[in-house]
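In what follows, a single structure is set out as structure tokens and then discussed.
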Amino acid sequence: MKAEQSTAKIIDGKAVARAMRDKQRARVEALMAKGVTPGLAVVLVGDNPASALYVSNKVKACEAVGIKSISHRHPATITNEELLVLIGKLNADPNVHGILVQLPLPPHIDMAKVLETIAPEKDVDGFHLYNVGALVVGRQIFPPCTPYGVMNLLEHENIPIEGRNVVVVGASNIVGKPMALMLMARDATVAICHAKTRDLAQFTILADILVVAAGVPKLILPQMVKTGAVVIDVGINRLPNGKVVGDVDFEGVSKKASYITPVPGGVGPMTIAMLLENTIQSAERTAEGH
Ligand code: NAD
């Protein structure tokens, strides 16, 4: 018997990120012609293998478009004070247009203080309170990379947002909350669900656009999704067998949704693309004298 075909269009985040990279390379060349080489400082503390992998992927992506990335690797024994001094130096360095501190940080480090010490005009992750506040009032200076990537995927597919019911599952500071704010800024009606939400399905079933960022494999099953919904799966989960999956039951939900992002190859590649975007934008602002 022939296997049932999926009906949803699969949004190819890798291809969208690749197309963005070509444009980004051209923008970097234009900046270099003006004597500005975009520079991203990446700070890695400790030896968490997942963080090291993320950092090396970011460094490679920078190199691919011509951004100069400067890695600062420090043992987990670095003190709060030493880390703040390093950030102060990067803030003052005119060759650095973006500063990224890879999270999580060791428990003895005051993460909030570290993020607040990064100069807001170099905060390419968008985690500084100033940039978070900008997002709340509908200004996007450095939109956080993962939700910014989701917005770009929706735009790329010409998916209308205004007036639509959007449900965001997950309310973290780095994904769920900024995601909801960005969608609200585009006049969607947004509901945010989280681990304490009672009867998740009664919310998700109403969504025209469902964004899931919970970190729970198979959290979203087909019966929780409205027929024709756009489903964006931000989750990245490694199963005991080594397979990487999202939060959505891809096989089942792709038969009901109109669009769906795969994991891997959906939102993930966009996150890095948007980091490059923010860094280039920062360098462009410098070149324009802002
Ligand atoms: P987090 O742990 O900080 O937050 C998870 C959120 O999901 C919380 O608000 C929590 O209340 C909610 N949640 C947990 N279980 C739930 C449940 N059963 N029902 C409803 N809500 C639930 O995680 P995060 O940093 O926001 O990341 C979320 C997921 O997205 C993770 O899988 C992470 O790996 C992934 N992620 C992917 C990218 C990417 O580039 N694709 C970037 C960042 C995070």
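The values are calculated or read from the model by the stated rules, or taken from the named source; none is laboratory data. None of the values given here were measured: they were computed from a predicted structure. Glycine gets a Cβ as well: all are built from the backbone with ideal geometry, and neighbour counts include every protein chain shown. Note: areas computed on protein heavy atoms with side chains; ligands, DNA, RNA excluded. Shrake-Rupley method; radii C 1.70, N 1.55, O 1.52, S 1.80 Å.
Things worth noting here:
- Among (1) more than 30 Å from Asn158 (Cβ to Cβ); (2) at pLDDT 95 or above; (3) open to solvent by 70 Å² or more (accessible area, probe 1.4 Å), the one test that Lys14 misses: (1)
- Identity of the residue in segment 138-184, part of a loop (DSSP other than H, G, I, E, B) and of a type in the set (Asp, Glu), that ends up surrounded by the most Cβ atoms within 10 Å (Cβ to Cβ): Glu157
- Check on Met184, over 17 Å from Val248 (Cβ atoms) and without any contact (Cβ under 8 Å) to a residue 60 or more places away in the chain: yes
- Whichever residue in segment 226-242 is among the β-branched types (Val, Ile, Thr) and within 15 Å of the ligand (Cβ to nearest atom) and, among such residues, is most open to solvent (accessible area, probe 1.4 Å): Ile236
- Some residue of segment 246-265 being closer than 16 Å to Lys218 by Cβ, surrounded by fewer than 19 Cβ atoms within 10 Å (Cβ to Cβ), among the polar types (S, T, N, Q) and touching an Asp or Glu at 6+ places or on another chain (Cβ under 8 Å): no
- First in segment 116-134 and within 17 Å of Leu275 (Cβ to Cβ), second anywhere and among the charged types (D, E, K, R), Cβ under 8 Å, 6 or more apart: Glu121/Arg285; His128/Glu116; Asn131/Asp123
- Scanning segment 185-203 for residues that are more than 20 Å from the chain's Cα centre (by Cα) and assigned to a loop (DSSP other than H, G, I, E, B) returns Asp187, Ala195, Lys196, Thr197, Arg198, Asp199.
Okay, residues lined up against (1) near the ligand (Cβ under 10 Å from one of its atoms); (2) of a type in the set (Gly, Ala, Ser); (3) at pLDDT below 95; (4) in contact with a Ser or Thr (Cβ under 9 Å, 6 or more places away or on another chain):
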| position | (1), (2), (3), (4) |
| --- | --- |
| Arg164 | no, no, no, yes |
| Ile174 | yes, no, no, yes |
| Leu181 | no, no, no, no |
| Thr189 | no, no, no, no |
| Gln202 | no, no, no, no |
| Ala213 | yes, yes, no, yes |
| Met224 | no, no, no, yes |
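- Hey, Val36 under 21 Å from the mean Cα position of the chain (by Cα) and open to solvent by less than 30 Å² (accessible area, probe 1.4 Å) or not: no
- Test: residue in segment 45-65 that is open to solvent by less than 60 Å² (accessible area, probe 1.4 Å), in contact with a His (Cβ under 7 Å, 6 or more places away or on another chain) and at pLDDT 95 or above: yes
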